[in-house]
Amino acid sequence: MDLKEDSGDSLVVGGGPQDCEELEPYGVHGPIEKVMGTKRTAEAVFDRDGEFLTQRLYSQMPASMSGRVSKLFALLTACPSYAETVSLGDKGSIERDVTTRRVDVTGVAGTAYGYERVTTDRGDGSRDRRMTVAVTRGWTTVLLDGSPDLVEKALRPALRKATE
């Protein structure tokens with residue numbers, strides 16, 4: 001089953017954190033779009049062999065972006081562990097355990113934030129890692145979200161394209 005909430009053919013219809021008060025209002029899709037907004041944004045989504053990457057580029061006043069990025073990463077790391085339900089409509093639901101942590105983003109210029117989320121399916125024990133990284137330089141913020149290997153490979157080229 002495809003559980004990537006952002007994909008167009010996703011079976012996910014609802015759900016979300018069960019015991020993380022800060023994230024509950026954002027549901028299963030999380031806070032990225034609601035906190036960062038969709039105006040003055042460009043987005044590209046890549047999917048390769050079960051790994052995925054979403055690249056978002058924001059162009060707004062530095063003070064506005066700084067506040068949004070800080071709020072986003074505070075929300076993402078507000079609960080180091082919590083339970084999550086993913087509703088698949090008439091196919092049932094999945095219970096997952098989620099752990100989160102901040103990660104250091106090194107070797108890039110600008111204000112950088114990093115976050116890693118690991119989910120463990122309670123039914124079959126399968127694990128999934130997801131990384132979110134944001135770097136702000138002046139009026140530009142590059143936000144990458146997806147499989148950690150793809151995020152790490154795409155970060156520097158995405159920053160170079162967006163800010164040079």
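The values are calculated or read from the model by the stated rules, or taken from the named source; none is laboratory data. As the structure is a prediction and not an experimental result, all values here were calculated from the model. Please note: Cβ atoms are built from the backbone with ideal geometry, for glycine as well, and neighbour counts cover all protein chains shown. Please note that ligands, DNA and RNA were not included when accessible areas were found on the heavy atoms of the full protein model with its side chains. Shrake-Rupley method; radii C 1.70, N 1.55, O 1.52, S 1.80 Å.
Considering only residues that are at negative phi, modelled with pLDDT under 90 and not aromatic (Phe, Trp, Tyr), which ones fall in region 46-81? Before you say what the answer is, go through the steps one by one.
Here is the first cut: in region 46-81, the ones at negative phi are 46-48, 51-81.
Imposing the further condition that a residue be modelled with pLDDT under 90 reduces the set to 46-48, 59-66.
Of everything in region 46-81, those that are at negative phi, modelled with pLDDT under 90 and not aromatic (Phe, Trp, Tyr) turn out to be Asp47, Arg48, Ser59, Gln60, Met61, Pro62, Ala63, Ser64, Met65, Ser66.
Kindly check whether there is at least one residue in region 82-90 that is at pLDDT 95 or above and either within 26 Å of Ala158 (Cβ to Cβ) or open to solvent by 60 Å² or more (accessible area, probe 1.4 Å) (or both).
There is no residue in region 82-90 that is at pLDDT 95 or above and either within 26 Å of Ala158 (Cβ to Cβ) or open to solvent by 60 Å² or more (accessible area, probe 1.4 Å) (or both).
Filter region 101-115 down to residues that are in a strand (DSSP E or B) and in contact with an Asp or Glu (Cβ under 7 Å, 6 or more places away or on another chain) and give me whichever is surrounded by the most Cβ atoms within 10 Å (Cβ to Cβ).
Among residues in region 101-115 that are in a strand (DSSP E or B) and in contact with an Asp or Glu (Cβ under 7 Å, 6 or more places away or on another chain), the one surrounded by the most Cβ atoms within 10 Å (Cβ to Cβ) is Gly114.
Against the definition (under 29 Å from Asp90 (Cβ atoms), open to solvent by less than 60 Å² (accessible area, probe 1.4 Å) and of a type in the set (Asp, Glu)), how does Glu24 come out, yes or no? Step through it out loud before you land on a result.
Values: under 29 Å from Asp90 (Cβ atoms): yes; open to solvent by less than 60 Å² (accessible area, probe 1.4 Å): no; of a type in the set (Asp, Glu): yes.
No: the conditions fail for Glu24.
For region 64-81, name all the residues that are among the hydrophobic types (A, V, I, L, M, F, W, C) and either touching a Leu at 6+ places or on another chain (Cβ under 9 Å) or open to solvent by 20 Å² or more (accessible area, probe 1.4 Å) (or both).
Val69, Leu72, Ala74, Leu75, Leu76, Ala78, Cys79, listed by residue number.
Let me spell it out: the conditions are (1) touching a helix residue (DSSP H, G or I) at 6+ places or on another chain (Cβ under 8 Å); (2) in a loop (DSSP other than H, G, I, E, B); (3) not hydroxyl-bearing (Ser, Thr, Tyr), and Leu75 meets all of them except one. Which number is the exception?
Of (1) touching a helix residue (DSSP H, G or I) at 6+ places or on another chain (Cβ under 8 Å); (2) in a loop (DSSP other than H, G, I, E, B); (3) not hydroxyl-bearing (Ser, Thr, Tyr), only one is false for Leu75: (2).
Each row is one residue, and each column tells you yes or no for (1) more than 16 Å from Gly146 (Cβ to Cβ); (2) within 16 Å of the chain's Cα centre (by Cα); (3) not aliphatic (A, V, I, L, M).
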residue: Glu51; (1), (2), (3): no, yes, yes
residue: Tyr58; (1), (2), (3): yes, yes, yes
residue: Val69; (1), (2), (3): yes, yes, no
residue: Val103; (1), (2), (3): no, yes, no
residue: Arg117; (1), (2), (3): no, yes, yes
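What are the residue pairs meeting all of these: first residue in region 153-164, first residue outside any helix (DSSP H, G or I), second residue open to solvent by 50 Å² or more (accessible area, probe 1.4 Å), Cβ atoms under 6 Å, and 6 or more apart or on different chains?
Going by the 6 Å Cβ cut-off, there are no qualifying pairs.
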